[in-house]
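Trainee: Before anything else, here's the structure in question.
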Amino acid sequence: MTHLFNDPTAFATDAIRGLALSHPDHVAVVHGGVVRATETPPGQPALVIGGGSGHYPAFAGWVGPGLAHGAPCGNVFASPSASQVHAVARSAENGGGVILGFGNYAGDVLHFGAAAEKLRAEGIDVRIVKVSDDIASNTPENHRDRRGIAGDLPVFKIAGAAIEAGADLADAERIAWAANDATRSFGVAFDGCTLPGADAPLFHVADGQMGVGLGIHGEPGVRDEPLGSADEIATLLVEGILAEQPARSPSGYQGRAAVVLNGLGTVKHEELFVVYAKVAELLEAAGITPVRPEVGEFITSLDMAGLSLSLVFLDAELERHWLAPVDTPAHHRGAMPAVDRPPRTSFWVAGTDETPGSTEESRAVATRITGVLDLFEAVCAREETELGRIDAIAGDGDHGQGMAYGSRGAAKAAHDALADGAGARTVLIRAGDAWSESAGGTSGALWGAALTAAGGVFADDGGSSPRTIVRALENGIDAVHRLGGARAGDKTMVDAAVPFRATLAESFTGENAAAAIRAAASAARAAADAPAAITAPHGRARVLGARSLGTPDPGAISFSILMSELGEHLS
């Protein structure tokens, strides 16, 4: 279990603060993460890497010369919000543009992508690199659609070294993608991890078994096999990766590979060394020379019991950057060149927007909207455990927690905006920002976008009508559909949202919004339950295959529950 924490909801924030206090020469805290304690040299591309907390040394432990310039840090196993990514990137960027690097997970794709759009609108050149090294999560021909696990370290290390050596934004992006395309990882799990404050792990592996093809967000493996010896596990991992070894060529890969043997949180170094002895023997037998192997904990999953092996099939350029010096809180190698690195003296801080003027009529609507958000907070708190249980089977176990965090943040933001004299539009938009930031993850981004889009229907200087309510719901669902990219039948929140919208349009006659919402909520729940009989073709649950059979999507269930409660509330 996770033994040491205060308020579980503040675990990530507390950890970041302690990291910065213990490494003041390396990192400083900014909104949502950390940046280097020294200024980014003018014109140098800023490498901003991140993801959920719970993975230390990834990602905040990799901020420093020769690697990253900043790291936004989400809640445990949840993507940082778009505002967190944006704030860290603005603090790190100094005229050379930004590379946003992250593991290929739906929430990270959504939030980092949204931040990139905002940065580009501000005139900053942004490139995105999604690490996709896990061979268990997709086929070889779909390598860039795989999820990212321990391959994050070599990909970001190589990109950071290229930047340190003088690469501009385009060249650093090219090298980062080349590193990703040359990296393969494979892992096994022996038992699950426990979230701070939880009383049980997210999953268990049966005695005498191991989960093959683990993830780093508390996901079990894609299949179970009998637990092998250290040599047998090493053989499984090496043979799995070498099945994708590229052809050798005089100007490219010549049988040299960077090696990372990574512990997930509970497996000790001595155990890893036992495994690595066999890994080295197998690589030698295959004619592969290990280059600066790394054995230890590099990207963890709290207290998860498991390990993974990563190989980077090197060419001369990748090898040069893999071997380059680096100096971060958790990753050191060699001596950095003597370069003047002035201490950071300023940090970018999001401006505090003045609250727009509002009418008494709009503030009355805003009060009712705030009441709905209070209802959502209470319902999400009530359903947190059950939604987490469903998600632990069909996903990564954090949906209930994310919904609770998001709704709580949205309700608080709405009350704060209301106290500041905000009207209906501003209350919803600020609540949307807060939901996204408080929850993180895919559902946080989608619910945040939905509230923001719904707010666009209201005005700060006018009232509302039943038709306004219906239009706001339609706008919110359209935003979810557009940003999430899923379709009905993909076993996502959209499975419930699409029939809800269709039934709402059919049922609403222009007067009774509550009755139409209740009818639409019934259709949403029926649709949410239906995909339990199929596997998930998208999202994190996709890689679990048949494990999601018999279980509905937790996002579709939570959507249908909240819409049902909304219909009853409006009645």
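Trainee: Out of (1) open to solvent by less than 50 Å² (accessible area, probe 1.4 Å); (2) touching an Asp or Glu at 6+ places or on another chain (Cβ under 6 Å); (3) in a helix (DSSP H, G or I); (4) over 18 Å from residue 75 (Cα atoms), the odd one out for residue 400 is which?
Mentor: (4)
Trainee: Can you pull out every residue in the stretch 82-103 that is of a type in the set (Gly, Ala, Ser) and over 12 Å from the mean Cα position of the chain (by Cα)? Walk me through how you get there before you give the answer.
Mentor: Let us first name the residues in the stretch 82-103 that are of a type in the set (Gly, Ala, Ser), namely 82-83, 87, 89, 91-92, 95-97, 101, 103.
If the condition is that a residue be of a type in the set (Gly, Ala, Ser) and over 12 Å from the mean Cα position of the chain (by Cα), then 83, 87, 89, 91, 92, 95, 96, 97 are the ones that fit.
Trainee: Let me ask something else. Show me the strands (runs of 3 or more DSSP E) entirely contained within the stretch 1-77 in which 3 or more residues are within 18 Å of residue 300 (Cα to Cα). Steps first, please.
Mentor: Numbers: elements: 27-30, 33-36, 46-53, 70-76.
Once the strands (runs of 3 or more DSSP E) in the stretch 1-77 are filtered for at least 3 residues that are within 18 Å of residue 300 (Cα to Cα), what remains is 46-53, 70-76.
Trainee: For a quick check of your reading: which strands (runs of 3 or more DSSP E) sit entirely within the stretch 248-356 and have at least 1 residues that are surrounded by fewer than 17 Cβ atoms within 10 Å (Cβ to Cβ), touching a Leu at 6+ places or on another chain (Cβ under 9 Å) and without any contact (Cβ under 8 Å) to a residue 40 or more places away in the chain?
Mentor: On the way: elements: 256-263, 289-296, 305-313.
Counting at least 1 such residues, we get 289-296.
Trainee: Filter the stretch 61-83 for residues that are within 21 Å of residue 160 (Cα to Cα) and open to solvent by 10 Å² or more (accessible area, probe 1.4 Å) and give the result.
Mentor: Passing the criteria: 65, 73.
Trainee: Looking at 382, 425 in this structure, which one is among the charged types (D, E, K, R), within 22 Å of residue 363 (Cβ to Cβ) and assigned to a helix (DSSP H, G or I)? First the steps, then the outcome.
Mentor: Values: 382 fails: within 22 Å of residue 363 (Cβ to Cβ).
Of 382, 425, the one residue that is among the charged types (D, E, K, R), within 22 Å of residue 363 (Cβ to Cβ) and assigned to a helix (DSSP H, G or I) is 425.
Trainee: I've got another one for you. Taking the stretch 452-491, which residues are among the polar types (S, T, N, Q) and either modelled with pLDDT under 90 or crowded, with 23+ Cβ neighbours inside 10 Å (or both)?
Mentor: Within the stretch 452-491, 452, 475 meet the criteria.
Trainee: For residues in the stretch 39-56 being of a type outside the set (Ser, Thr, Tyr) and open to solvent by 10 Å² or more (accessible area, probe 1.4 Å), which is nearest to the chain's Cα centre (by Cα)? Working first, answer last.
Mentor: Here is the first cut: in the stretch 39-56, the residues of a type outside the set (Ser, Thr, Tyr) are 39, 41-52, 54-55.
Pick out the ones that are also open to solvent by 10 Å² or more (accessible area, probe 1.4 Å) and you get 39, 41-44, 54.
Values: 39: 27, 41: 28, 42: 29, 43: 28, 44: 26, 54: 11 Å.
Looking at residues that are of a type outside the set (Ser, Thr, Tyr) and open to solvent by 10 Å² or more (accessible area, probe 1.4 Å), I get 54.
Trainee: Show the residue pairs meeting these rules: Cβ distance below 9 Å; 6+ apart or different chains; first residue within the stretch 189-214 and of a type in the set (D, E, K, R); second residue surrounded by fewer than 20 Cβ atoms within 10 Å (Cβ to Cβ).
Mentor: Filtered contacts from the stretch 189-214: 191/204; 191/266; 191/303; 199/1; 207/227.
The values are calculated or read from the model by the stated rules, or taken from the named source; none is laboratory data. Since the model is a prediction, treat every value here as computed from it, not as a measurement. Positions of Cβ are generated from backbone atoms using ideal geometry, with glycine treated the same way; all protein chains shown enter the neighbour counts. Just the protein is used for accessible areas: all its heavy atoms, side chains included, with ligands, DNA and RNA removed. Shrake-Rupley method; radii C 1.70, N 1.55, O 1.52, S 1.80 Å.
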